[in-house]
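Visitor: Please find one structure pasted underneath; my questions will follow.
The values are calculated or read from the model by the stated rules, or taken from the named source; none is laboratory data. All values reported here derive from a predicted model rather than from experimental measurement. So basically every Cβ, Gly included, is an ideal-geometry build from the backbone, and we count neighbours across all protein chains shown. Please note that ligands, DNA and RNA were not included when accessible areas were found on the heavy atoms of the full protein model with its side chains. Shrake-Rupley method; radii C 1.70, N 1.55, O 1.52, S 1.80 Å.
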Amino acid sequence: MGILTYLAAGAAVGTGAVGGVLAVPLVLGAVGFTSAGIAAGSWAAGMMSTAALANGGAVAAGSTVAVLQAAGAAGLGTAATAAAAGTGAAIGGALTRLVAIII
C-alpha cells in the first residue's frame, strides 16, 4: 500500500471518530431522548413504557432507558465519548478497507 492509501485510511478513521461523537446526541434526540426528558409518542417513550411495565411501574436505575435518558439530558460523559469515537473510527477504518478491496 502506498502513502496515499495510508493517508486516506487515516482520514477515514479520523472522520469516523469525529462523526461518531457528533452523531450520538443527534440520534438520541431523534429517537426521543431529549434534554427536556423523553418526548411523548417517540420510540424512547415506547421503550420507557415497556421498561416500566416490566419493572412494576418504574424504570430501574442503571437500565438502558435510564442510561440513554441521562445521555440525552446531560450529554455524553468521557467514557461514552471515547466509545462513540472508537466505534466511529472502527467504521471509518472498515469502510476504507472495503473500498481498497473494491478498487
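Visitor: Taking segment 70-103 as the region of interest, how many residues are closer than 19 Å to Pro25 by Cα and not in a helix (DSSP H, G or I)?
Guide: Of the residues in segment 70-103, 3 are closer than 19 Å to Pro25 by Cα and not in a helix (DSSP H, G or I).
Visitor: A further question on this structure: With the requirement that a residue be buried (at least 17 other Cβ atoms within 10 Å of the Cβ) and modelled with pLDDT of 85 or more, what does segment 72-83 give you?
Guide: Of everything in segment 72-83, just one residue is buried (at least 17 other Cβ atoms within 10 Å of the Cβ) and modelled with pLDDT of 85 or more, namely Gly72.
Visitor: Moving on. Go over the candidates Ala8, Ala73, Ala83, Ala44 one by one and state the one that is without any contact (Cβ under 8 Å) to a residue 12 or more places away in the chain and on the phi < 0 side of the Ramachandran plot.
Guide: Ala83
Visitor: With the condition kept exactly as written, say whether any residue in segment 1-22 is open to solvent by less than 40 Å² (accessible area, probe 1.4 Å) and more than 30 Å from Ile103 (Cα to Cα).
Guide: no
Visitor: The conditions are (1) among the hydrophobic types (A, V, I, L, M, F, W, C); (2) open to solvent by 50 Å² or more (accessible area, probe 1.4 Å); (3) in contact with a Ser or Thr (Cβ under 8 Å, 6 or more places away or on another chain), and Ala51 fails exactly one of them. Which is it?
Guide: Unmet condition: (2).
Visitor: Being surrounded by fewer than 16 Cβ atoms within 10 Å (Cβ to Cβ) and not in a loop (DSSP other than H, G, I, E, B): is that true of Leu26 here?
Guide: Against the criterion (surrounded by fewer than 16 Cβ atoms within 10 Å (Cβ to Cβ) and not in a loop (DSSP other than H, G, I, E, B)), Leu26 qualifies.
Visitor: Restricting attention to segment 32-46, which residues are assigned to a helix (DSSP H, G or I) and open to solvent by less than 40 Å² (accessible area, probe 1.4 Å)?
Guide: Ala44, Ala45, Gly46
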